[in-house]
Amino acid sequence: MKAIVSHKYGPPDVLELTEVEKPIPEDNQVLVKIHAASVNFCNLVLLKGEPFLARLAFGLLKPKYTIPGGDITGRVEAVGKDVKEFQPGDEVFGDLSGCGWGGFAEYVSVPENALALKPANVTFEEAAAVPMAGVTALQGLRDKGKVQSGQKVLINGASGGVGTFAVQIAKAFGAEVTGVCSTRNIDILRSIGADHVIDYTKQDFTQMPQNYDLILGVNGHHPISAYKRVLNRNGVFVHVGGTGAQMFQTIALGPWNSLTGSKKIDTLLQRPNQEDLNQMKELLEAGKVKPVIDRCYKLSEVKEAFRYFEEGHSQGKVVITV
């Protein structure tokens, strides 16, 4: 089978399209013929080995996982004798980041708990956009943010992969949602249901009079003190992504801030979860969430896909069609 392979850390140029052995499913595994995959920030970490601490999980001197790619969707081709949830012909989607990666390939064998049935009302490309970014948004809002109907929620970095899901999921929970983005992304946020949109090139939401019950920081550079200033009493800031300095502040100062005041500062490390995949499936089937796809690339164009994703300006998700 064809696969994208990386034997060393570096820029997208280290990726090679080559022939590798087609996997054979073990007793508890599902063999999936992949139709589409997508690019996430974790793919960049795995590609470059940066930040360096990530190499403790991914391999110190060279990648432990030679075929990158976490999000996949496709059709089940075969199952091991102990698999109970799926059968050949099922259309599935899933997140492979917790079970060896391998999504940028024609086939992959994975444990059945990494997968869920693909919603029938979305395309393979749309389904590939969902697992990591959608579950990150869900876990950030529901588990860390404890989002409630009627709350005022702000999504900073609302036009990217996680952000576009977060806007829609927060709306599905009944929140009043404000999205922060650049000028060119305003129409996208309005089209997916944002109640208010702030153009960060013209206004700084941390200097505005409006306060929020929950802020999801998907991107940004503001110090923690600025986020706290626009949180309501008992409000919550959840760090999902942003600058290294912001991440350090959240990890180092967040627990102390949360203990010494009414406002909570927290950070999210997304974990693959079949139950959450199934909740995303329900939201997709109900039409409450629709993936936003910026561009689709062929498997042979993965280098170009990474270069575009690295620029940091994608509107929604970058998808790889296999």
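The values are calculated or read from the model by the stated rules, or taken from the named source; none is laboratory data. Being a predicted model, the structure only gives us computed values, none of them experimental. Using ideal geometry, Cβ is built from the backbone for each residue, glycine included, and neighbour counts are taken over all protein chains shown. Keep in mind that these areas ignore ligands, DNA and RNA; they rest on the heavy atoms of the full protein, side chains included. Shrake-Rupley method; radii C 1.70, N 1.55, O 1.52, S 1.80 Å.
Check which residues have an amide H placed less than 5 Å from Asp71's amide H, if you skip close sequence neighbours.
Ser38, Leu96
With equal scatterers on the alpha carbons only and no solvent term, can you work out the Debye log10 of I(q)/I(0) for the stretch 87-156 at 0.14, 0.15, 0.25 1/Å?
At q = 0.14, 0.15, 0.25 Å⁻¹ the computed log10 ratios are -0.56, -0.63, -1.20.
Mind jotting down a quarter of the surface of the convex hull over the alpha carbons of the stretch 27-141, in square nanometres, one decimal?
Details: hull surface 30.1 nm².
It is 7.5 nm².
Checking the cross-link filter: which aspartates and glutamates have an alpha carbon closer than 15 Å to that of Lys264, excluding same-chain neighbours under 8 positions apart?
Asp143, Asp213
Could you rank Arg233, Arg75, Arg184 by how accessible they are, 1.4 Å probe, largest area first? Each step should come with its number before you reach the end.
Values: Arg233 180, Arg75 85, Arg184 125 Å².
The residues order as Arg233, Arg184, Arg75, largest area first.
Toward the positive end of the charge dipole of the stretch 38-145, about the Cα centre and with charges on Cβ (Lys, Arg +1; Asp, Glu -1), which of Ala133, Phe58, Ser109 goes farthest?
Value: Phe58.
Pull up all non-local amide H partners of Val322: gap of 5 or more, or a different chain, and H-to-H distance under 5 Å with H placed in the peptide plane.
Distant-sequence amide H within range of Val322: Ala36, Ala37.
Using a Cα-Cα cut-off of under 24 Å, which lysines could be cross-linked to Lys303, ignoring same-chain neighbours fewer than 8 residues away?
Within the straight-line cut-off, Lys303 pairs with Lys2, Lys8, Lys22, Lys33, Lys48, Lys62, Lys64, Lys317.
Along the stretch 53-66, what does the Karplus equation 6.51 cos²θ - 1.76 cosθ + 1.60 (θ = phi - 60°) give for ³J(HN,Hα), rounded to whole Hz, x for Gly and Pro?
Those phi angles translate into 4, 4, 5, 4, 9, 9, x, 5, 9, 8, x, 6, 9, 7 Hz.
Kirkwood-based Rg over Rh for the stretch 29-89 (C-alpha set), two decimals? Write down the numbers at each step before the final one.
On the way: Rg = 15.0 Å, Rh = 13.5 Å.
Radius of gyration over Kirkwood radius for the stretch 29-89 works out to 1.12.
Rank these residues by their accessible area, most exposed first, probe 1.4 Å: Phe86, Phe52.
Numbers: Phe86 15, Phe52 130 Å².
Descending order: Phe52, Phe86.
Hey, can you list the DSSP H helices of the chain whose Cα span along the axis is 15 Å or longer and whose average Kyte-Doolittle score is at least -0.5?
TM-like helix candidates: 161-172, 244-260.
Can you put His239, His222, His313 in order of accessible area, largest first, using a 1.4 Å probe?
Numbers: His239 5, His222 25, His313 110 Å².
So the residues, ranked largest to smallest area, are His313, His222, His239.
Quick one: what are the phi-derived ³J(HN,Hα) couplings along the stretch 7-17, Karplus 6.51/-1.76/1.60 with θ = phi - 60°, whole Hz, x for glycine and proline?
9, 8, 6, x, x, x, 4, 6, 6, 10, 8
At q = 0.10, 0.16 Å⁻¹, what log₁₀ I(q)/I(0) does a Debye calculation on the Cα points of the chain give, no solvent, two decimals?
-0.56, -1.32
Net charge near Lys146, counting Lys/Arg +1 and Asp/Glu -1 over other residues with Cβ under 15 Å of its Cβ?
Net charge around Lys146: +3.
For every helix of n ≥ 4 consecutive DSSP H residues, a contribution of -39,500 (n - 2.57) applies; sum these over the chain, divide by its total residues, and give [θ] at 222 nm rounded to the nearest 500 deg cm²/dmol. Walk me through the intermediate numbers first.
Working: 10 runs with 87 residues, N = 322.
Calculated from helices alone, the mean residue ellipticity at 222 nm is -7500 deg cm²/dmol.
Mind checking which aspartates and glutamates have their Cα closer than 16 Å to the Cα of Lys288? Skip sequence neighbours fewer than 8 apart in that chain.
Filter leaves Glu126, Glu176, Asp195, Asp276.
So, with +1 on the Cβ of K and R and -1 on the Cβ of D and E, and no other charges, what is the size of the charge dipole of the chain about its Cα centre, to the nearest 20 debye? Walk me through the numbers on the way to the answer.
Working: 34 positive and 35 negative charges, 204 e Å.
Taking the Cα centre of the chain as origin, the dipole is about 980 debye.
Considering the convex hull of the alpha carbon atoms of the stretch 65-217, report its projected area averaged over all viewing directions, in nm², one decimal. Before the final figure, lay out the partial values.
Numbers: hull surface 43.7 nm².
Average of the hull's projected areas for the stretch 65-217 equals 10.9 nm².
Does the stretch 182-242 come out rounded, prolate or oblate, given a ≥ b ≥ c as the square roots of the eigenvalues of its C-alpha gyration tensor, rounded meaning a/c under 1.5 and, failing that, prolate meaning a/b above b/c?
Working: a/c = 1.65, a/b = 1.56, b/c = 1.06.
The shape class here is prolate.
Does the stretch 120-208 come out rounded, prolate or oblate by the C-alpha gyration tensor, with a ≥ b ≥ c the root eigenvalues, rounded set by a/c under 1.5 and, if not, prolate when a/b is larger than b/c and oblate if not? Walk me through the numbers before you get to the answer.
Values: a/c = 1.95, a/b = 1.30, b/c = 1.50.
Cα axes put the stretch 120-208 in the oblate bin.
Provide the percentage of antiparallel DSSP beta bridges, counting only those with both residues in the chain; round to the nearest 5. Please report the intermediate quantities before stating the final value.
Working: 30 of 58 bridges.
Bridges in the chain that DSSP calls antiparallel: roughly 50 percent.
Let's see if you can work this out: charge +1 on each Lys and Arg Cβ, -1 on each Asp and Glu Cβ, no other charges. What is the dipole magnitude of the stretch 6-150 about its Cα centre, in debye to the nearest 20? It would help to have the intermediate numbers written out before the result.
On the way: 14 positive and 19 negative charges, 115 e Å.
The dipole magnitude comes to about 560 debye.
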